[in-house]
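To start, the structure under review is shown below, and the notes come after it.
The values are calculated or read from the model by the stated rules, or taken from the named source; none is laboratory data. Note that the structure is predicted; figures quoted are calculated from it, not measured. Note: ideal-geometry Cβ built from the backbone for every residue, glycine included; neighbour counts use all protein chains shown. Please note that ligands, DNA and RNA were not included when accessible areas were found on the heavy atoms of the full protein model with its side chains. Shrake-Rupley method; radii C 1.70, N 1.55, O 1.52, S 1.80 Å.
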Amino acid sequence: MQLSAIVEALLIASQNPLPSEEIARLVRARVAEAEDIRIRETEEGKAPEVLPEWLTGLTATSAEKIAAAIGELNDAYTESGRAFTIIERPKGWKLYTRLEYGEFVRQLFPGRKPERMSGPAMETLAIIAYRQPITKAAIEAVRGVACDGMIQKLLDRDLIRIGGRAELPGRPLLYETTDLFFEHFGIRSIDDLPNASELRKVKLPEPETAPPPAPAESEQQLALGPVGSPAAAAASHDD
């Protein structure tokens, strides 16, 4: 068996993308399993057959060899005019149908229509993609308008997610792209975005710092505190 054919079989059988390192590990595990069986049969007094050279030769399978094998497969697919190819995504390699067959494949899903994002949504997504992780205030400083609605739409479509909180006053939420974002736009990492290195270095407008609450507002917030709070204690003292 050729390594490229083994890799192809693993990718077809797997429901999830497989990284090069994982594919190499699976190949080596099969060789180790065969060697263990042979040793066990020898200990039981049997005379097992010698492992074939093609199998023992897979002992040194590496991630680099897997990548080379995938390159051979894609070359063969192109030469033979196959309708699929192997593409690497953030989580690993996976078989995909070629774009030119998309209109035919879409017939399998009549209820799903291609959705196009609006200009403001794409603009918001681009800011997040290039400058992630980023706060809502920073996004709004760049766009000059409130982005609550756009951010919610991107969250609903699973193109962005909350990646934590910034070490800033108020601990604002940080937004970043999801695996679906990379899948949707056909890239492996942020570095694959056009002019990523240059645009990530561009200085962005700074978000305005929220002014401290006025005394009256502070007193009002204190008065609305729960039972056991300083506000409740003060009210009890007044009574």
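Going by a ≥ b ≥ c, the root eigenvalues of the Cα gyration tensor, does the range 10-134 fall in the rounded group (a/c under 1.5), the prolate group (a/b larger than b/c) or the oblate group?
Values: a/c = 3.02, a/b = 2.22, b/c = 1.36.
Since a/c reaches 1.5 and a/b is larger than b/c, the shape of the range 10-134 is classed as prolate.
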Item checked: Relative packing of 43-50, 145-152, which averages over residues the other C-beta atoms within 10 Å, highest first -> 145-152, 43-50
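Ignoring ligands, DNA and RNA, how do Phe104, Phe185, Phe109, Phe84 rank by accessible area with a 1.4 Å probe, largest first? Mind dumping the intermediate values first?
On the way: Phe104 155, Phe185 80, Phe109 100, Phe84 55 Å².
Result of the area sort, largest leading: Phe104, Phe109, Phe185, Phe84.
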Next item on the list: At 4 °C and 1.567 mPa s, grab the translational diffusion coefficient of the chain from Stokes-Einstein with a Kirkwood Rh over Cα pairs, rounded to a whole number in µm² per second.
Entry: 55 µm²/s
Next item on the list: Using only Cα atoms, find the angle between the long axis of helix 20-43 and the longest principal axis of the chain, and express it within 0 to 90 degrees, rounded to the nearest 10.
Entry: 50 degrees
Check: If one takes the longest principal axis of the Cα atoms in the chain, at what angle in degrees, from 0 to 90 and to the nearest 10, does the Cα axis of helix 63-80 lie?
Finding: 80 degrees
Item checked: Kirkwood estimate for the range 170-209, i.e. one over the average of 1/r between Cα atoms, Å -> 12.6 Å
Note to self: Could you compute the net charge surrounding Pro52? Neighbours are other residues with a C-beta less than 14 Å from the C-beta of Pro52; K and R count +1, D and E count -1.
What the structure shows: -1
Next item on the list: Using only Cα atoms, find the angle between the long axis of helix 3-13 and the longest principal axis of the chain, and express it within 0 to 90 degrees, rounded to the nearest 10.
Entry: 50 degrees
Check: Taking the Cα atoms of the range 120-191, what is the range of coordinates along each of the three principal axes, in descending order and whole Å?
Finding: 36, 24, 22
Note to self: Of Ile23, Leu51, Thr97, which is farthest towards the positive pole of the chain's charge dipole, taken about the Cα centre with +1 and -1 on the beta-carbons of Lys, Arg and Asp, Glu respectively?
What the structure shows: Thr97
Next item on the list: Mind checking which lysines have their Cα closer than 19 Å to the Cα of Lys65? Skip sequence neighbours fewer than 8 apart in that chain.
Entry: Lys91, Lys94
